[in-house]
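**Q** Just passing along the structure, written as structure tokens.
Every read-out reported here was derived from the displayed coordinates using simple, explicitly stated rules and does not represent laboratory data. What you see is a predicted model, and the numbers here were worked out from it, not measured in a lab. Because the Cβ atoms are built from the backbone with ideal geometry, glycine has one as well, and the counts that use them run over all protein chains shown.
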Amino acid sequence: MDRKNTLKNWVYELEKIMEQLRDKKNGCPWDIEQDHKSLKHYLIEEAYELIDAIDDEDDENMIEELGDVLLQVIFHCQLAKESNRFDLQTAARRCCEKLIHRHPHVFGKKKLNDADAVLKQWEKLKKKEPGNSKRRSILDGVPKTIPALMTAELLQKKAAKVGFDWPSVEAVIAKIEEELEELKASIKHDDKKNFNEELGDLLFSVVNLARYKGESSDELLRNNIQKFYKRFHHIEYVVKKANKELEDCTLNELEKIWQDAKKL
């Protein structure tokens, strides 16, 4: 094997490039100014760009975006290394140790036959780890900065693992109908405070239905947003082709084009 093209060498090369970019004398002024907090939104942005590449099934873009995510990992490790806190090797070793610890059915003698058993074992092993033993609630551990839909889903999943869940899909739908009626009542009485609360309850219940059926509400909403974008773009195309402006069209005209877009 060509040693120059091994994974270790390329990761090492990336680490050395980052060291040079951060060099106080001969590095890049922008890179030198960064810290963990200033880089946070770049990590989030790169992760979402990777998700787009995955959804588009675009391998070339996936290579690009995976590299960008890896760069963020290298960057944060370099910052920590400069203040003698930890480095890339420490982070990689911790990850290896965790994976081995949580997979005794692969790296040990214990055997598990299905994914559900693996997940149950995973949760039990997580509880025994030092960082998780200090948690006051089983709901702890969900990142504060992830989107609200995903937060709701993760909290519901944690509660469901200990048996706090709906007995049937019919019960979930009944709860949605109940919340919808309460929302209608808040609108009827023009109660803004109650409206906000009831709408939140309805959203939470809808997330519950998606989770109960094994679907991601965040993913479903993203798909629906994409569908809306395509159909509305069709409206824009048709109106522009007719040498008109959207603002000049009646709602009935726009609705007719929308229905045509649905057929497409």
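**Q** What FRET efficiency comes out for K109 versus I17 if R0 is 45 angstrom and r is the Cβ-Cβ distance? Round to the nearest 0.05. Provide the component values of the computation, followed by the final result.
**A** Details: r = 43 Å, r/R0 = 0.95.
It comes out at approximately 0.60.
**Q** While we're looking at this one, here's another question. If the cut-off is 16 Å between C-alpha atoms, which lysines fall inside it for K192, apart from same-chain ones fewer than 8 positions away?
**A** K184
**Q** Still on this structure: How high is the relative contact order of the stretch 10-105? Use alpha-carbon pairs under 8 Å, at least six apart in sequence, and give a whole percent. Write down the numbers at each step before the final one.
**A** Working: 52 pairs, mean separation 22.3, N = 96.
Rounded, it is 23 percent for the stretch 10-105.
**Q** Pairs of Cα atoms under 8 Å, at least six residues apart: use those to get the relative contact order of the stretch 28-79, whole percent. If you can, show how the numbers build up before the last one.
**A** Details: 23 pairs, mean separation 21.9, N = 52.
Computed over the stretch 28-79, the figure is 42 percent.
**Q** Which residues among the stretch 51-78 fall inside the zone where the amide N is under 16 Å from a point 7 Å beyond the Cα of L99, along Cα→Cβ?
**A** Once the point is set 7 Å along Cα→Cβ of L99, 70 turn out to lie under 16 Å by backbone N, inside the stretch 51-78.
**Q** Name the longest site-free stretch of the chain, where the excluded sites are GluC sites (Glu not before Pro) in a DSSP loop with no more than 15 other beta-carbon atoms within 10 Å. Present the calculation step by step, with values, prior to reporting the outcome.
**A** On the way: sites that count: E57, E215, E245.
My reading of the result: 58-214 is the longest stretch.
**Q** Under 20 Å Cα to Cα from K213, which aspartates and glutamates show up? Leave out anything in the same chain fewer than 8 places away.
**A** Excluding near neighbours in sequence, the set is D114, D116, E153, D165, E170, E177, E178, E179, D201.
**Q** Mind pulling the angle between the C-alpha long axis of helix 36-55 and the longest principal axis of the chain? Nearest 10 degrees, somewhere in 0 to 90.
**A** 60
**Q** Sort out the exposed loop chymotrypsin sites (Phe, Trp or Tyr not before Pro) in the chain (DSSP loop, at most 16 other Cβ within 10 Å) and tell me the longest stretch that has none. Intermediate values should be presented prior to the final figure.
**A** Working: sites that count: F86, F164.
No qualifying site falls inside 165-264, the longest such stretch.
**Q** Right, something else. Net charge around F232, counting only other residues with Cβ within less than 13 Å of its Cβ (Lys, Arg = +1; Asp, Glu = -1)? Before the final figure, lay out each step's value.
**A** Numbers: positive: K227, K230, R231, K240, K262; negative: E236, E255, D260.
Once all neighbours under 13 Å are counted, the net charge is +2.
**Q** Going by alpha carbons, how many degrees (0 to 90, nearest 10) lie between the helix axis of 115-128 and the longest principal axis of the chain?
**A** 60
**Q** Additional query: Suppose R0 equals 30 Å. What FRET efficiency, 1/(1 + (r/R0)^6) with r the Cβ-Cβ distance, do I63 and E236 give to the nearest 0.05?
**A** On the way: r = 33 Å, r/R0 = 1.10.
With a Förster radius of 30 Å, E is 0.35.
**Q** Can I ask one more? Compute the relative contact order of the chain as a whole-number percentage, counting only Cα pairs closer than 8 Å that sit 6 or more residues apart in sequence. Mind dumping the intermediate values first?
**A** Values: 148 pairs, mean separation 23.8, N = 264.
Answer for the chain is 9 percent.
**Q** Rounded to the nearest 0.05, what FRET efficiency do N84 and K40 have when you use their Cβ-Cβ distance and R0 = 22 Å?
**A** The computed FRET efficiency comes out at 0.50.
**Q** Any idea how far the Cα center of the stretch 198-232 sits from the one of the stretch 48-114, in Å?
**A** Comparing the Cα centres of the stretch 198-232 and the stretch 48-114, I get a distance of 29 Å.
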